[in-house]
Structure formats: C-alpha cells, structure tokens
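Read through the structure below, which is laid out as structure tokens, and then see the notes.
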Amino acid sequence: MIVVTTPTGRIGSQLVRNLLAAGEAVRVIARDPARLAPDTRAKVEIVQGSSDDEGVLMRALDGAESMFLVVPVFHDKR
C-alpha cells in the first residue's frame, strides 16, 4: 500500500494514475474526495481529511509500506 497526498493536484494526480496503472495498491489523503476523478475514486482507498492532521495521517499510514508526501506551498499573507 502506497499513501499519496495531494491526489487532486498536478503531481499527485499523475502519480496516482501511474501507480494504479502499475498495479499498486493506493491510499490517498483527500480533503474533498469528490474532486477525485470518478475512475480514480473507484480504485483507491480514501482517507478524508488533511495531511497536517495527525489523526488523518495515522489512519492513512496504518499498514502502508510507503508514502509520497507533497508539502503544499504556504503563502504568507502578512
């Protein structure tokens, strides 16, 4: 099982497609699972929430072999 963050982003969505095409088991962390493509939603395990939430990370990583973590860009609006 490979956990992928930002599965609806430019990098994460491509990675998920490639992993699925390679026959890998994929679990994604998604704040809004409805934003996932329907064919992707049907093939992945989804943990709803944010990767900065410890509980979400613990659920997503349970039994996982690896994780692809993309840290979102923080825009300081000061």
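The values are calculated or read from the model by the stated rules, or taken from the named source; none is laboratory data. Computed from a prediction, not measured in an experiment: that's the story for all the values here. To get the accessible areas, we keep the full protein, side chains included, count just its heavy atoms, and leave off ligands, DNA and RNA. Shrake-Rupley method; radii C 1.70, N 1.55, O 1.52, S 1.80 Å.
At a glance:
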read-out: Carbon + sulfur, % of accessible area of the range 11-65 - ligands and nucleic acids excluded, 1.4 Å; value: 45 percent
read-out: Per-residue ³J(HN,Hα) for the range 30-40, Karplus 6.51 cos²θ - 1.76 cosθ + 1.60, θ = phi - 60°, Hz, x for Gly and Pro; value: 9, 5, 10, x, 5, 7, 6, 4, x, 5, 5
read-out: Degrees separating the helix 10-21 axis from the principal Cα axis of the chain, which is the longest one; value: 20 degrees
read-out: Alpha-carbon centroid distance for the pair the range 1-50 / the range 56-71, whole angstrom; value: 12 Å
read-out: Residue 25 long-range amide H proximity, modeled H, under 5 Å; value: 2
read-out: Over the chain, equivalent-ellipsoid semi-axes from the Cα gyration tensor in Å; value: 20, 15, 12
